[in-house]
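Enquirer: Sharing a structure, written as structure tokens. Questions coming.
Each reported figure results from applying straightforward, stated rules to the coordinates on display, with no laboratory input. All values reported here derive from a predicted model rather than from experimental measurement. Glycine gets a Cβ as well: all are built from the backbone with ideal geometry, and neighbour counts include every protein chain shown.
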Amino acid sequence: MDLVALKEALAQREQPAFRLGQVWAWAARGAGGYAEMTDLPRALREELEHAVPFWRLEVERESRARDGTLKLLMRTADERPIEAVLMRFGDGRRSICLSSQSGCPLTCRFCATGSMRFGRNLSVSEMLEQALALRQRSGGGALSNAVFMGMGEPMLNLENVLEVCRRLPDLGITHRRIAVSTVGWIPGIEQLAQSDMPVRLALSLHAPDEALRTELMPVNERFPLADVLAACRDFYARRHRRVFVEYVMLAGVNDRYEQALQLARILDHEAFTVNLIPYNPTDGAFQGSSRGAIDAFRGALEAQGVRATVRLTRGREIDAACGQLAVSA
Ligand code: SAH
């Protein structure tokens, strides 16, 4: 649903200011279209149906994994592909993973999205609609968490991302249960630290030293590891919210014992929690670390006093897991 167009259409029809909020409230509660919005005049509902179609993204494909993960492949009105994912966890959490861009301009070597063509930033409405479409298909269960960990770099589209965060509580997702993930785009980290939105920050780190990080993530040349960590420490100092460090485990590349020690040395133990991510296969040249290697790495971090967890892998067989979102276009 295009909230900007809707606002204009309502103004043109000299509707009272509260109409926009009414429509949004219905949408946020899971309505499938204007027809259900019984407190709107019938004639208006019919007009809106034509003037501002309720669904603006076309759902091209729905894939479900055995673990209950749902991936939607959607298209914008100008034919850009986007993917959005719903994950269900054993403890009842329902977490949505949203795309902030179609494709991604960054070229992290291990990530499938980085190898597809970059499209453009997504609008506020295009991001909200991903959430609405997933909510509709969540089997009635309320959503609890949202992560901007789908396609794209949220910090390159931060104003829109923050606008989306402002509205997610209407879908039951509180600000503290939202995480914005970044490759380490420092201006974005600073802007987030200064914003009024108490969302969490996640940093894709993946290497404990500058040389390896540059190899894996060319963006490190522009924003070196040391500066990125300093920006994250500032974020923590200002917000008192721990930063999640994401670290994808690549066999023989970044999973050695000495690298765990090095990681423990560069991280301020108060400010960071490490989340080790099992590598999800893409066409890339990497092999994931074994379960044993991941556990040993975590053990080494913990022995140094670093909080570390291993991320549950969801939706791998439908290519819905971290780093697997890519559409050949
Ligand atoms: N651009 C932002 C948001 C995307 S988040 C960022 O990079 O943080 C997607 C997460 O999945 C990132 O932490 C990314 O590094 C990780 N990832 C990418 N490819 C992966 C793969 N093949 N296996 C596991 N995780 C991967």
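Enquirer: Could you derive backbone 3J(HN,Hα) for region 135-141 from the dihedral phi with the Karplus parameters 6.51, -1.76 and 1.60 (θ = phi - 60°), listing whole Hz in sequence and x where the residue is Gly or Pro?
Expert: Along region 135-141, the couplings run 4, 4, 9, 8, x, x, x Hz.
Enquirer: List the residues, sorted by chain then number, that are 5 or more residues from Val245 or on another chain and whose placed amide H is less than 5 Å from its amide H.
Expert: Close amide H contacts, sequence-distant or interchain: Leu203, Thr273, Val274, Asn275.
Enquirer: Just report the Cα centroid separation between region 1-37 and region 177-235, whole Å.
Expert: Computed from Cα coordinates, the inter-centre distance equals 37 Å.
Enquirer: Please report the equivalent ellipsoid semi-axes of the chain, computed as sqrt(5 x eigenvalue) of the Cα gyration tensor, largest first, in whole Å.
Expert: Working from the Cα gyration tensor, I get semi-axes of 37, 20, 18 Å.
Enquirer: Now, a different point. Quick check: the angle from helix 257-266's long axis to the longest principal axis of the chain, C-alpha only, nearest 10 degrees?
Expert: For helix 257-266, the angle is close to 70 degrees.
Enquirer: Extending each Cα 7 Å along its Cβ direction at Val4 and Ala35, get the distance between those two points in nm, one decimal.
Expert: My value for the distance between the label points is 3.0 nm.
Enquirer: So what are the ³J(HN,Hα) numbers for region 229-245, from phi and the Karplus equation (6.51, -1.76, 1.60; θ = phi - 60°), rounded to whole Hz, Gly and Pro as x?
Expert: 5, 4, 5, 5, 5, 5, 4, 5, 4, 7, 9, 6, 10, 4, 9, 7, 9
Enquirer: If amide H atoms are built 1.01 Å from N in the plane of the peptide, which residues on other chains or at least 5 residues away come under 5 Å of the amide H of Leu250?
Expert: Asp255, Ser289
Enquirer: Counting Lys +1, Arg +1, Asp -1, Glu -1, what net charge surrounds Arg80 among other residues with beta carbon under 14 Å of its beta carbon?
Expert: -3
Enquirer: Please express the shape of region 1-137 as an equivalent ellipsoid: the semi-axes are the square roots of 5 times the eigenvalues of the C-alpha gyration tensor, given largest first in whole angstrom.
Expert: 31, 19, 11
Enquirer: Follow-up question, since we're still on this one. From the phi of every residue in region 296-310, what ³J(HN,Hα) in whole Hz does the Karplus formula 6.51 cos²θ - 1.76 cosθ + 1.60 yield, where θ is phi - 60° and glycine or proline is x?
Expert: Working through the residues one at a time gives 5, 5, 5, x, 5, 5, 5, 4, 8, x, 9, 6, 9, 10, 10 Hz.
Enquirer: What is the dipole size for the chain, taken about its Cα centre, with +1 at each Lys and Arg Cβ and -1 at each Asp and Glu Cβ, in debye to the nearest 20?
Expert: Dipole of the chain, to the nearest 20 debye: 840 debye.
Enquirer: In degrees from 0 to 90, rounded to the nearest 10, what is the angle of the helix 18-28 Cα long axis to the longest principal axis of the chain?
Expert: 50 degrees
Enquirer: Kindly point out, ordered by number, any Cys in the chain whose beta-carbon has no other cysteine beta-carbon under 4.7 Å away.
Expert: Cys97, Cys104, Cys165, Cys232, Cys322
Enquirer: For a footprinting-style exposure proxy, rank Glu58, Glu153 by other Cβ within 10 Å, fewest first.
Expert: Glu58, Glu153
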